[in-house]
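For reference, the structure is listed below as structure tokens.
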Amino acid sequence: MPQVVVSGAGPRTKAEIEELIRERLGAHQPRMWWALRTFAPLHHVPTGGPWSFGARGAFTVTRLPRRGHDERQESVRHLVHRYLEAFGPASVADIAQFSLLTRPVLREAVTGFAQLEGPDGTLLYDVPDGPIPEEDTPAPPRLLPMWDSVLLAYADRSRVIPPDLRRLVTRQNGDVLPTLLVDGQVAGVWRPAGGGIEASAFRPLSERDWAGLAAEARSLVKFLAARDPAVYRRYAHWWDKLPQAEVRLLPA
């Protein structure tokens, strides 16, 4: 059950927060906790071991000073700049998808950034002198974690997730499974298993691709060595709902 720090009163469970809301508003408001969790200035802090938030999420209040319009716009421009450093070139729609800010606010914030025309004619923005790889630049195989921002940072996610795989890796409740990235696109999912990495590919992969994934798996297993090796155990039920795939255990 999620916990939250409220007004410096210490950790509060979801049930306690909902009871406080009921006391103030005089009725049960089941969507209010969702609104607080989504839009309130809260920071999610680790409660488990390294690289783990544990089963009981915790939040801490961010105390933000009231800002004037110019200061708010500067903050938005800083956010846009950081976003484009990571994910640019990108459109206003992409930035809105990632930030949850409105498009009119973002159209003002992107003034002065580099402009490019996307493959479909969409106006894209980027940081000045942002590197743009050549079309034939190889994209090595990668193992992305759950909810990786690369999969969520764009309005058109087909640039990374093939449309026929989107419902497989992005579940109806919003869970985004850990994925195999091959040639820059999602090709399957993975999870720790048997001291290594169990990789499930939804399309045929070359032995060269499998070798690249195996190299990634060896590095990941080393990273997990001092951590909980089954950090995704409570999401294992999703694997029972996946279609037939080529499954390989990539050893450590």
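The values are calculated or read from the model by the stated rules, or taken from the named source; none is laboratory data. Keep in mind that what you see is a predicted model, and the values were worked out from it rather than measured. Here the Cβ is made from the backbone with ideal geometry for all residues, glycine too, and neighbour counts use every protein chain on show. Accessible surface areas use protein heavy atoms only, side chains included; no ligands, DNA or RNA. Shrake-Rupley method; radii C 1.70, N 1.55, O 1.52, S 1.80 Å.
Here are a few things to note about the model shown:
- Answer residue from segment 109-131, given it is open to solvent by 50 Å² or more (accessible area, probe 1.4 Å) and hydroxyl-bearing (Ser, Thr, Tyr) and is farthest from VAL76 (Cα to Cα) among those: THR122
- Taking the criterion of being of a type outside the set (Asp, Glu) and on the phi > 0 side of the Ramachandran plot, the residues of segment 104-152 that qualify are GLY112, GLY121, TRP147.
- Residues that are surrounded by fewer than 19 Cβ atoms within 10 Å (Cβ to Cβ) and farther than 22 Å from ASP175 by Cβ, drawn from segment 197-209: PRO204, SER206, GLU207, ARG208, ASP209
- Close pairs (6 angstrom Cβ cut-off, 6 or more residues apart or separate chains): under 23 Å from ALA230 (Cβ atoms) in segment 193-213, surrounded by fewer than 18 Cβ atoms within 10 Å (Cβ to Cβ) and of a type in the set (Asp, Glu) anywhere: ALA201/GLU246
- Residue match in segment 161-176 (condition: in a strand (DSSP E or B), open to solvent by 50 Å² or more (accessible area, probe 1.4 Å) and of a type outside the set (Phe, Trp, Tyr)): no
- The residue of segment 10-25 that is modelled with the highest pLDDT, among those that are of a type outside the set (Lys, Arg) and open to solvent by 60 Å² or more (accessible area, probe 1.4 Å), is GLU23.
- Pairs meeting the criteria (first residue in segment 231-252 and within 18 Å of ASP175 (Cβ to Cβ) and of a type in the set (Val, Ile, Thr), second residue modelled with pLDDT under 80 and surrounded by fewer than 15 Cβ atoms within 10 Å (Cβ to Cβ), beta carbons under 7 Å, at least 6 apart or on different chains) are VAL231/TRP51; VAL231/SER52.
Quick grid of which residues meet (1) part of a strand (DSSP E or B); (2) open to solvent by 50 Å² or more (accessible area, probe 1.4 Å):
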{"residue": "VAL186", "(1), (2)": "yes, no"}
{"residue": "ALA211", "(1), (2)": "no, yes"}
{"residue": "ALA215", "(1), (2)": "no, no"}
{"residue": "ALA226", "(1), (2)": "no, yes"}
{"residue": "TRP239", "(1), (2)": "no, no"}
{"residue": "GLN244", "(1), (2)": "no, yes"}
{"residue": "ARG248", "(1), (2)": "yes, yes"}
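- The lone criterion from (1) in contact with a strand residue (DSSP E or B) (Cβ under 6 Å, 6 or more places away or on another chain); (2) open to solvent by less than 30 Å² (accessible area, probe 1.4 Å); (3) not in a helix (DSSP H, G or I) left unmet by TYR154 is number (1).
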